[in-house]
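The structure appears below as structure tokens.
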Amino acid sequence: MPAESLFSVRNLTVEYNTRAGVVKAADDVSFDIRREEILGLVGESGCGKSTLGKALMRLHRTPARIAGGELIFDGRDLMQLSEEGMCAVRGAEIGMVFQDPMTSLNPVQRIVEHLVETIQTHEPGTTKEAASVRAAEIAEKLGIRSERLKEYPHQMSGGMRQRVMISLALALRAKLVIADEPTTSLDVIVEAKFLDLLRELRQEFGLTILLITHNIGVVAEVADRVAVMYAARIVEIGDVRDIFASPKHPYTQGLLRSVPNIQLDDASLYKMEGMPPNLLYPPVGCRFHTRCPFAMDICRDKSPEFESVNGDHFAACWLYHPTAVKAETKNG
Ligand code: SF4
């Protein structure tokens, strides 16, 4: 039986009003983040994954707006909360780690001050002393030695700053951390340590993590499940081992074939034909049909619904709708 959902996203649409017209960066997106899982959200740059991550915390800013959908987090629809109500959720219940934590940390504040201030803002009854003790305990668990808490953000490495961001979420006992490209600016050794840390935190604190990345290797390393996004929609979702062993959506197949593999003699890389569509004018039908080697007539007319392709593994592709394939074979 699938684990209980912590966050149910239903029919979420996020639009950008541009001079050229309306761009839907997330278009009718539905998925669940299950309790205590690490869910990887992957896709090419510009597919809408970062917009989606920000929208889950309602952190999008003009000209973006949520045009519709539900964000059911731990039993409440976040869309129904006031901005004040959302401020209480951000940080305390849902933490966010960005690619460059310098943009989130105050450069003239020491790390300990960030932690103490965050705790006291969300828990006004906590004394400065108690907040300092908690800050030191959390930092130690994350491998930040107490003397380093006196440092300013610029004195720390990228990996240490990522740890600080997570410690801010843990200090408030957040249930969910949304990490947007957290390893992009890290070297491979620091990246490996950071991924180990995510696994440990899930284990020790029962943390749920949404890991947004363009790096398939990172997802393979650490995620339990993976959702693949293409042109503002999720096209495949399932257990990470299942999807890596047997990807169903032709886009996911292309994405996995594009990853370098040193075990193969052939050093040439697979290159997917074509480019992602302009989201101002997304193609009718399946959005991948202009690049898909298996496209059928129905793909150019109708958008495919999600279909189970193997238990808990779903893909939005007409190839897995038996009636569609039968009709194509008959017509062809
Ligand atoms: Fe290709 Fe059609 Fe499947 Fe889209 S629905 S991925 S075009 S086969």
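The values are calculated or read from the model by the stated rules, or taken from the named source; none is laboratory data. These numbers were taken from a predicted model, which means no experiment stands behind them. FYI the Cβ positions are ideal-geometry reconstructions off the backbone, even for glycines, and counts take in every protein chain you see. Remember, those area values only see protein heavy atoms, side chains included, never the ligands or the DNA or RNA. Shrake-Rupley method; radii C 1.70, N 1.55, O 1.52, S 1.80 Å.
When the residues of the range 237-254 are narrowed to those that are within 12 Å of the ligand (Cβ to nearest atom) and open to solvent by less than 50 Å² (accessible area, probe 1.4 Å), which ends up modelled with the lowest pLDDT?
Gly254
Whenever a residue of the range 286-305 is among the β-branched types (Val, Ile, Thr), its partners that are within 7 Å of the ligand (Cβ to nearest atom) and part of a helix (DSSP H, G or I), lying with C-beta atoms within less than 6 angstrom and at least six residues away or across chains, give the pairs Ile298/Trp318.
Among strands (runs of 3 or more DSSP E) entirely within the range 159-241, having at least 3 residues that are over 27 Å from Asn106 (Cβ atoms) and among the charged types (D, E, K, R) singles out 233-239. Here Val112 meets the list (1) touching a Leu at 6+ places or on another chain (Cβ under 9 Å); (2) in the same structural domain as Leu198 (by TED's automatic domain parsing) almost entirely, failing just condition (2).
Part of a helix (DSSP H, G or I) and open to solvent by less than 10 Å² (accessible area, probe 1.4 Å): is that true of Met102 in this structure?
Answer is no for this residue.
If I filter the range 78-93 for residues that are in contact with a helix residue (DSSP H, G or I) (Cβ under 6 Å, 6 or more places away or on another chain) and free of Cβ contacts under 8 Å to residues at least 12 places away in the same chain, do I get at least one hit?
Within the range 78-93, the subset in contact with a helix residue (DSSP H, G or I) (Cβ under 6 Å, 6 or more places away or on another chain) is 92.
From what is left, the residues that are free of Cβ contacts under 8 Å to residues at least 12 places away in the same chain are none.
No, that holds for no residue.
Of the numbered criteria (1) within 14 Å of the ligand (Cβ to nearest atom); (2) at pLDDT 95 or above, the one Thr323 fails is (2). Residues that are more than 8 Å from the ligand (Cβ to nearest atom) and under 26 Å from the mean Cα position of the chain (by Cα) within the range 292-307 comprise Ser303, Glu305, Phe306, Glu307, listed in sequence order.
Are any residues in the range 47-96 assigned to a helix (DSSP H, G or I), open to solvent by less than 50 Å² (accessible area, probe 1.4 Å) and closer than 26 Å to Met275 by Cα, and if so, which ones?
Lys49, Ser50, Thr51, Leu52, Gly53, Ala55
In this entry, Ala316 is excluded by the filter for residues that are assigned by TED's automatic domain parsing to the domain that holds Lys49, within 12 Å of the ligand (Cβ to nearest atom) and modelled with pLDDT under 90.
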